[in-house]
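Everything below concerns the one structure shown next.
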Amino acid sequence: MKVYRTASLTAVWRRMANVDDHSINYVSLPMRFVAYILGILDKNSVATISERTKIIDSAIRKLKPSCIVEIGAGFSSRQKKFRRIKFYKLDLPHFQKFGIDIIPFDIANDKLDLKIKNALFIVEGVTMYLQEQEVLSLLRQIKKYKGHILIDFFVRRNPPEKKNLREKIYKSLFKIIIGRNHLFDYRIGSFQDGICLLKSFGYKNVKRYDYGKLKSLDALFYAKMG
């Protein structure tokens, strides 16, 4: 299943970056091998996963939420780092076969219905695989809850940069792994577009986290709901 493959890549790259030693345990040996090869070909993707994970974990320590909702949780083992926080891990039912305590949730078809308050919603590595209306619907639903959100979007490159041979090999292999002729469906035009998008739904205190000099399409944002 494609969603297993993308979750596996994230798990392996987190291990390569030494930010998570647990998630990789859910990944099959063949998929680990493939993920390591891709990580070696595109070290920037590994660095992005590393930086994003560190920033989100740091934000959790600062915000000290009573509960966390991870949408598109995949193989996330973040609850092992923050054992005193109640976690609600939402993803497709496929992940239940791995013994993960997942609340079945299909972004395209299901509606959020959680009895929670003052939660931190984490939507990490998800929006780029969605259609625009799915992203907008998700933002609208999350806004109903009081608390905070951490969400990342891919930023459209204009014009696209010319790729070297290693990057071309990586892109071709990545397309095969995730089973798509095109890589990412949803992207924002700029960092400012991401801020404006969240504000248009009534999110407050919106800010973008700086990845420093890291070359990445990924942009991580924080906002407050309610």
I'd like to verify a number: residues in region 39-55 that are open to solvent by 30 Å² or more (accessible area, probe 1.4 Å), touching a residue at least 60 places away in the same chain (Cβ under 8 Å) and of a type in the set (K, R), how many? 0
Going through region 194-219 in order, the residues found to be open to solvent by less than 50 Å² (accessible area, probe 1.4 Å), more than 29 Å from K2 (Cα to Cα) and in a strand (DSSP E or B) are V206
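If the requirement is being among the small types (G, A, S), open to solvent by 10 Å² or more (accessible area, probe 1.4 Å) and under 18 Å from the mean Cα position of the chain (by Cα), which of these qualifies: S58, S76? Write out each step before concluding.
Values: S76 fails: open to solvent by 10 Å² or more (accessible area, probe 1.4 Å).
Answer to the check: S58.
Take the conditions outside any helix (DSSP H, G or I), in contact with a Phe, Trp or Tyr (Cβ under 7 Å, 6 or more places away or on another chain), closer than 27 Å to S58 by Cα and touching a residue at least 40 places away in the same chain (Cβ under 8 Å) and apply them to I116. Does it pass?
Working: outside any helix (DSSP H, G or I): yes; in contact with a Phe, Trp or Tyr (Cβ under 7 Å, 6 or more places away or on another chain): yes; closer than 27 Å to S58 by Cα: yes; touching a residue at least 40 places away in the same chain (Cβ under 8 Å): yes.
Answer is yes for this residue.
Please verify whether F191 is open to solvent by less than 70 Å² (accessible area, probe 1.4 Å) and either touching a His at 6+ places or on another chain (Cβ under 9 Å) or aromatic (F, W, Y) (or both), treating the condition exactly as stated. Working first, answer last.
Values: open to solvent by less than 70 Å² (accessible area, probe 1.4 Å): no; either touching a His at 6+ places or on another chain (Cβ under 9 Å) or aromatic (F, W, Y) (or both): yes.
So F191 fails the test.
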Does region 124-134 include one or more residues that are exposed (fewer than 15 other Cβ atoms within 10 Å of the Cβ), charged (D, E, K, R), over 18 Å from the mean Cα position of the chain (by Cα) and at negative phi? no
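Can you tell me which residue in region 14-38 is most open to solvent (accessible area, probe 1.4 Å), limited to those that are among the small types (G, A, S) and touching a helix residue (DSSP H, G or I) at 6+ places or on another chain (Cβ under 6 Å)?
Per the stated criteria, the residue is A17.
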For a quick check of your reading: which helices (runs of 4 or more DSSP H) sit entirely within region 1-95 and have at least 1 residues that are in contact with a Cys (Cβ under 9 Å, 6 or more places away or on another chain) and among the β-branched types (V, I, T)? none
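The values are calculated or read from the model by the stated rules, or taken from the named source; none is laboratory data. The structure presented is a predicted model; accordingly, all values stated were derived computationally and were not measured. In this analysis, Cβ positions are derived from the backbone assuming ideal geometry, glycine residues included, and neighbour counts consider all displayed protein chains. Areas reflect the complete protein model, heavy atoms only, side chains present, ligands, DNA and RNA absent. Shrake-Rupley method; radii C 1.70, N 1.55, O 1.52, S 1.80 Å.
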